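All of the numbers you see were taken from the coordinates with simple rules; none came from a lab. Computed from a predicted model, the values in this text were never measured in an experiment. As a convention, Cβ positions derive from the backbone with ideal geometry for all residues, glycine included, and neighbour counts pool all protein chains shown.
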2 protein chains.
Amino acid sequence: MNTLFYSRHLVHPVTLLSVAHGDKENIAAMSWVSALSRNPPLLMVAVSPKRYSHQLLLDSQEFAINILKDNQNELSTLAGTHSGRNENKWESEPFRKLRKTATKIGVPVLKDCLAVFECKLEQHIPTGDHTLFVGEIVHSESQTEANPLVLFNRQYFQLGNFVSKYP
Amino acid sequence: MNTLFYSRHLVHPVTLLSVAHGDKENIAAMSWVSALSRNPPLLMVAVSPKRYSHQLLLDSQEFAINILKDNQNELSTLAGTHSGRNENKWESEPFRKLRKTATKIGVPVLKDCLAVFECKLEQHIPTGDHTLFVGEIVHSESQTEANPLVLFNRQYFQLGNFVSKYP
């Protein structure tokens, strides 16, 4: 196996990273997202320095992760195929109608998705060709009846059959 | 929402961490695993300092991540409900019959699973109540026809319906 494509063998959540600083804002597709700590509640997102969101996140020191539902694949594709350098994606119809203000940080978030985690940047670490951003969750909202969109092998899937409970 | 349970809203891969040092070895269930970098190929696993694997990993500076298939939930449950402090899980029947030697590092790995990533520890960072271990993948193997086991809301699932391709 070519290690270049190793991440295709991992299932990933499908999320949108929301950042804002001054009069700049962006919403970007991110799947290298994981939990890191329960207490304090920390999560990570790995962002390439090439991405427009990278500097905005460093400047603002805060961000939100919006977890997408299994019928929101088009939002991820829209965010993932346009750069915030060229246009403000929040001004496009799909995002404009879902926009709301976060509770504890100064970024827009989605009013309808599986969950929103509002984070303060706790640290950032260079890791290869990405920067690992660690955020402390200062506020979160979620929908209990929603199902997540899953990314695997560069394809979106719904969650499938229940297998068993984790012990 | 209680932030304590925020990770329930993220889908996670179901993996087994394999570590060995001297005459000690362990295989442990880990789901806080993510890709971090393509070049070099880096991945992360978050491990609590309370876990038996934590010190073994620091001592040996290498580890393997075994990604489980959707019919291997019992391996995860077995690894997740027993501590390597009390017994060597590799000596139990389910693991003994799947054991093989890794190619480039000195740990046992699974001969049948979705993928195996053999890693050299690149750095480790304290993040809240876990330690974030960053590994560089030095060898990997995978099965192209296999489907992954998915963890969501403390339950195992199969992958479900295909939705669309990631652009």
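Residues of A:41-48, mean number of Cβ from any other protein chain within 10 Å of their own Cβ, rounded to a whole number?
5
Express in nm, to one decimal, how much length is gained between B:E93 and B:Q61 on full extension, taking 0.36 nm for each residue of separation and deducting their alpha carbon distance.
8.8 nm
Classify the range A:58-160: rounded, prolate or oblate, from the alpha-carbon gyration tensor (a ≥ b ≥ c, eigenvalue square roots; a/c under 1.5 rounded; otherwise prolate if a/b is larger than b/c)? Show your work: numbers first, answer last.
Values: a/c = 1.27, a/b = 1.22, b/c = 1.04.
It is rounded, given that a/c, with a ≥ b ≥ c, falls under 1.5.
Decide, for the protein assembly as shown, between rounded, prolate and oblate: order the square roots of the alpha carbon gyration tensor eigenvalues as a ≥ b ≥ c, take rounded if a/c falls under 1.5, and otherwise choose prolate if a/b is larger than b/c, else oblate.
prolate
Run the numbers on the range B:1-133 and let me know its relative contact order in percent, using alpha-carbon pairs under 8 Å that are six or more apart.
Answer for the range B:1-133 is 28 percent.
Restrict the search to the range A:104-159; then list the GluC sites (Glu not before Pro) that DSSP places in a loop and that have at most 10 other Cβ atoms within 10 Å of their Cβ. Write out the running numbers ahead of the final one.
Details: sites: A:E118, A:E122, A:E136, A:E141, A:E145; in loops: A:E145.
Listed in order of number, the matching sites are A:E145.
Which residues make up the longest stretch of chain B clear of trypsin sites (Lys or Arg not before Pro) that lie in a DSSP loop with no more than 11 other Cβ atoms within 10 Å, not counting the sites? Mind dumping the intermediate values first?
Numbers: sites that count: B:K50, B:R85, B:K97.
Result, exposed sites excluded: B:98-167.
How many Cβ atoms of partner chains, on average, are near each residue of A:130-137 if near means within 10 Å of its Cβ?
Values: counts 5, 2, 9, 0, 4, 0, 3, 4.
Mean shielding by partner chains, rounded to a whole number: 3.
For the range B:64-167, what is the number of Lys pairs with C-alpha distance below 21 angstrom, counting only pairs 8 or more positions apart or on separate chains?
Going through the range B:64-167 pair by pair, I get 12.
Would you grab the residues whose amide H sits under 5 Å from the one on B:V14? Only those 5+ places off in sequence or on another chain, please, with H modelled 1.01 Å from N.
Correct list: B:L68, B:L149, B:L151.
I'd like the mean, over residues of A:141-154, of how many other protein chain beta carbons sit within 10 Å of each residue's own Cβ. Write out the running numbers ahead of the final one.
Working: counts 2, 6, 2, 4, 0, 1, 5, 7, 3, 8, 3, 8, 6, 3.
Whole-number average of other-chain Cβ neighbours for A:141-154 is 4.
How big is the range A:1-116 by Rg and Dmax over its Cα atoms, in Å?
14.2, 45
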